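Every number here is computed from the coordinates shown, using simple stated rules; none is lab data. Remember, it's a predicted structure, so these values are computed and weren't measured experimentally. So basically every Cβ, Gly included, is an ideal-geometry build from the backbone, and we count neighbours across all protein chains shown.
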Amino acid sequence: MLIKRFTLNPLKKILKIDSDKAKSVLVLVCFLVVSALCFYRNLEAHLKGFYANRNFFGEIKITGFSWAEKIWGIDVNYTYTEKIKDKTISVPLKKSVRFKQLVVPYYDKMDVEKRNNPISELGSTYDESIRVYLPMIEKMLEINPERTKLEESLTRKLNQAPNLSGASAKLRSTLSDQANFVRGETWYSDRIEDATKNKHSILEELYDFSLNHALSQGAVYVQIILPKGVDREDIHLRDQIQQLLEQLSLPDGAYVLGTIDEAEGDFVVVEQGKIRERR
């Protein structure tokens, strides 16, 4: 009997210790799960509130997290989805995560960064500017009902220039290069202010804007994409556009070889059937 007591008591102690450890681990796991769920809900509410307060009334779905590329910290990756008339758009976006967004529930009165016009933020800061707005605004140009027809018309006209045969035209937003196209920023701002005043969705306001008018106001430009094997250095764009204007009409606006943000990108601006001299 003494032997049995001597051998069983330590075993009971070991089992009790293991049981206590298991309970502690279980409590810790439950705490971490509940905390993670609360953090997720708070962050999702902050993202939804951030956009709703700026007249983007779509849905937010968090898809993951990643390390920020340009600043130290963590990015939240998410998808913004909104139904615009008969189309549903879905745009992947990123935004840096701040600690308060995880622990404090969203309250619109505390949104001190709220702006009436998101365009005013473009280029002002890394986080709250281009990454969180520009992809959605550019998406409106992509799905514009006039875009395909106008691009095809421009392509046919450009192909009549001797050195632009086989080239194609693509309409692009000028918002990413405000230095060269200040008027474009103003054009977008005016439409966004109208949406804000009328409490309309900004994306719905931008869905079917006139592309010819946007071109003439510097909000959109024509990117001329050369066929493979053609060296851009061999193309004198001004001469090619001038030859076209002598035989046909081109919409007012900027015509660019490459993208507008390329340092060596050649571009000309057409106004009322003539090439405008650079100021």
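A simple rule links phi to the HN-Hα coupling: the Karplus curve 6.51 cos²θ - 1.76 cosθ + 1.60 with θ = phi - 60°, which for the range 215-227 gives 4, 5, 9, x, 7, 9, 10, 9, 8, 9, 9, 7, x Hz, with x for Gly and Pro.
Taking amide H atoms as placed 1.01 Å from N in the peptide plane, the amide H of Thr174 lies under 5 Å from those of Val220, Tyr221, each 5 or more residues away in sequence or on another chain. Pairs with C-alpha atoms separated by more than 32 Å, drawn from the list Lys48/Lys85; Lys149/Lys274; Lys94/Lys228; Lys87/Lys157, are Lys94/Lys228. Computed with the Debye formula from one identical point scatterer per Cα of the range 147-276, without solvent, the log10 of I(q)/I(0) at q = 0.10, 0.12, 0.19 Å⁻¹ comes to -0.33, -0.47, -1.05. Sorted ascending by nearby beta carbons within 10 Å, beginning with the fewest, Phe50, Phe39 become Phe39, Phe50.
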